[in-house]
Amino acid sequence: MNSIAEPTTVGVIGAGIVGLSVAVQLQRDGYRVTVIDRDEPMQACSAGNAGYLSEANIFPPAAPDMLLQLPKLLLANDGPLVIRPAYAPKMMSWGRHALSVVKGDVRAMVTRTLASMTVQAYAMIETLATYAGAAQLLSRDGGLVAFKNAQALDKKCELLNVWHRHGIQVHRLSDAAIQALEPALSREIVGGLFFENSGRCSNPRRLGLIYAEHLVRNGGEVVRDQVNGVSSQSDGGVIVRGAIEDRRFANVVVCAGFWSEELLHSHFKSIPIASERGYHLMLPNAGLSLKRPVVFGEPHFAATPMDEGLRLAGTAEFASADAPPNMQRAEMLLRLARQYLAPIDETGAKPWMGVRPSLPDGLPAIGTVPGQPGLHYAFGHAHNGLTLSAVTAKCVSAQLQRAAAPIDLTPFDLMRFERGYFSSKQPRATNAL
Ligand SMILES: Cc1cc2nc3c(=O)[nH]c(=O)nc-3n(C[C@H](O)[C@H](O)[C@H](O)COP(=O)(O)OP(=O)(O)OC[C@H]3O[C@@H](n4cnc5c(N)ncnc54)[C@H](O)[C@@H]3O)c2cc1C
């Protein structure tokens with residue numbers, strides 16, 4: 001290990017889509033980057049997401065009407081949302097923080113912040129993917145939300161003015177209009193919403209692998225090691241303690257998804273992250289085609305056309321990250337999809353589970369560890385990690401360069417869970433969503 005770190009060296013911990021995007025952006029901005037992961041790149045949550053570059057997700061995870069339905073949702077063992085009993089105690093802190101964001105100024109601030117990040121997301125991922133030679137994996141044909149229940153659609157439409165106020169192009173579609181866009185949808189669909197500027201990635205795993213290849217081709221490194229600790233040194237630089245080797249860098253960015261908490265917990269009083277496991281079922285021979293991601297309104301899950309076939313994805317299972325997956329949840333997606341789509345051929349279907357790194361307010365964590373110069377973090381992207389990957393990378397690079405970030409980074413500071421949202425360092429929002 002070098003005793004002095006060269007000023008441009010950066011270690012990025014985690015080779016998921018967030019870490020690899022950060023790494024490519026930093027290299028582009030002149031840094032010498034080493035990515036460290038205990039596994040091969042793109043093996044964890046980023047490997048199997050729905051590929052939806054969504055403009056819809058600008059709200060905190062807990063909403064007032066959802067709280068009313070919560071007991072019913074949780075009691076249904078095969079429902080779209082479950083908390084495994086053994087994990088319930090770990091959810092106390094997450095739940096307390098989620099409740100504090102349900103309404104009022106904080107909800108307005110979180111919505112505004114997520115929206116300001118989201119409206120820039122597609123342009124930034126397009127720029128980064130083009131730079132790395134992966135633009136062919138992206139397309140922007142919009143995204144649909146389809147409903148079989150008119151009341152549920154009316155309820156969702158109450159949010160239209162909120163999306164519009166934040167610059168998101170979305171409008172209501174009739175049953176005929178939705179059929180014209182996606183003929184494979186069931187005739188029972190009564191209508192939906194169309195997010196004009198949403199897009200998709202046809203192979204999320206490949207996107208990250210192309211980033212890793214690009215990084216290495218241009219002089220960066222991707223190394224395999226289990227990181228056991230990370231801390232700043234009084235004589236400058238940050239040491240990453242690996243099972244195989246200790247490494248020293250001028251700056252380190254922790255992008256270890258759900259597992260970031262294990263590396264950072266000693267520096268904070270509370271990091272209320274939860275393991276929100278999601279599932280997909282990959283259908284290589286589905287026998288029907290979609291042109292864009294379709295999210296089904298009730299219950300909430302998605303179907304996306306991928307290079308490898310049709311991917312059904314969704315469900316939220318709060319459970320220990322290393323508990324055995326319950327692949328019946330992936331199979332449940334097929335039962336649900338059969339209610340919304342033309343007949344599906346399940347030949348060759350493959351289930352998958354991934355751990356979403358979920359913070360209770362819906363905002364990712366992006367910032368610098370207090371009292372640890374050179375130690376930064378970017379994680380906790382929950383349902384939006386692919387969508388927000390490149391805009392996050394831009395933010396991290398701006399932070400290292402002490403330059404202006406594309407958005408105000410104050411609300412993303414992990415200290416929000418200790419000192420609240422509207423301390424002197426957090427801006428007060430208006431109470432309007
Ligand atoms: C079913 C499902 C569907 C989804 N659909 C979408 C979607 O359509 N659009 C969207 O934007 N998002 C979606 N998401 C969310 C998105 O996939 C995640 O937000 C994103 O993958 C998180 O990326 P990450 O890089 O932070 O974490 P990860 O991909 O989990 O990567 C973290 C990496 O850190 C490494 N690591 C951890 N600890 C250590 C350590 N101590 N030492 C060394 N390495 C370590 C791990 O090995 C891993 O490679 C979906 C998620 C799921 C589960």
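The values are calculated or read from the model by the stated rules, or taken from the named source; none is laboratory data. Computed from a predicted structure; not experimentally measured. Don't worry about glycine lacking a Cβ; one is built from the backbone with ideal geometry, like all the others, and counts go over all protein chains shown.
A few points about this structure:
- Selection from region 237-262 of residues that are farther than 24 Å from A47 by Cα and not in a strand (DSSP E or B): G237, A243, I244, E245, A250
- Listing of strands (runs of 3 or more DSSP E) fully contained in region 263-331 that carry 3 or more residues being within 23 Å of F195 (Cα to Cα): 294-296, 301-306, 309-318
- Meets criteria (under 25 Å from A313 (Cα atoms), in a helix (DSSP H, G or I) and among the acidic types (D, E)) for D105: no
- Just one of the listed residues (I83, I13) is at pLDDT 95 or above and aliphatic (A, V, I, L, M), and it is I13.
- Scanning region 381-397 for residues that are within 25 Å of G229 (Cα to Cα) and out of contact with any helix residue (DSSP H, G or I) (no Cβ under 7 Å at 6 or more places or on another chain) yields a count of 2.
- Scanning region 7-61 for residues that are among the aliphatic types (A, V, I, L, M) and under 15 Å from F379 (Cβ atoms) yields V12, I13, A15, I17, V18, L20, V22, A23, V35, I36, A44.
- From the options A390, A349, A378, A382, residue that is modelled with pLDDT of 95 or more, of a type in the set (G, A, S), within 30 Å of I189 (Cβ to Cβ) and crowded, with 22+ Cβ neighbours inside 10 Å: A382
- Evaluated against (1) at pLDDT 95 or above; (2) under 20 Å from the mean Cα position of the chain (by Cα); (3) within 24 Å of L144 (Cβ to Cβ), I344 falls short on exactly one condition, (2).
- In region 257-270, the residue that is surrounded by the most Cβ atoms within 10 Å (Cβ to Cβ) out of those that are of a type in the set (F, W, Y) and near the ligand (Cβ under 10 Å from one of its atoms) is F258.
Yes/no per residue for (1) aromatic (F, W, Y); (2) in contact with a Leu (Cβ under 6 Å, 6 or more places away or on another chain); (3) more than 30 Å from R96 (Cβ to Cβ):
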{"site": "S275", "(1), (2), (3)": "no, no, no"}
{"site": "L312", "(1), (2), (3)": "no, yes, yes"}
{"site": "S320", "(1), (2), (3)": "no, no, no"}
{"site": "D345", "(1), (2), (3)": "no, no, yes"}
{"site": "P351", "(1), (2), (3)": "no, yes, yes"}
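- Here the condition is being in contact (Cβ under 8 Å) with a residue 24 or more places away in the chain, out of contact with any His (no Cβ under 6 Å at 6 or more places or on another chain) and either within 15 Å of the ligand (Cβ to nearest atom) or polar (S, T, N, Q) (or both); of I244, I273, it holds for I273 alone.
- Restricting region 323-339 to residues that are within 12 Å of the ligand (Cβ to nearest atom) and not aliphatic (A, V, I, L, M), the residue that is surrounded by the most Cβ atoms within 10 Å (Cβ to Cβ): R329
- Residue list for region 1-49, filter: more than 6 Å from the ligand (Cβ to nearest atom), basic (K, R) and farther than 22 Å from T368 by Cβ: none
- Helices (runs of 4 or more DSSP H) completely within region 131-236 that count 3 or more residues being within 16 Å of the ligand (Cβ to nearest atom): 204-217
- Every residue from region 243-266 that is closer than 17 Å to V10 by Cα and over 26 Å from the mean Cα position of the chain (by Cα): E245, D246, R247, R248, F249, A250
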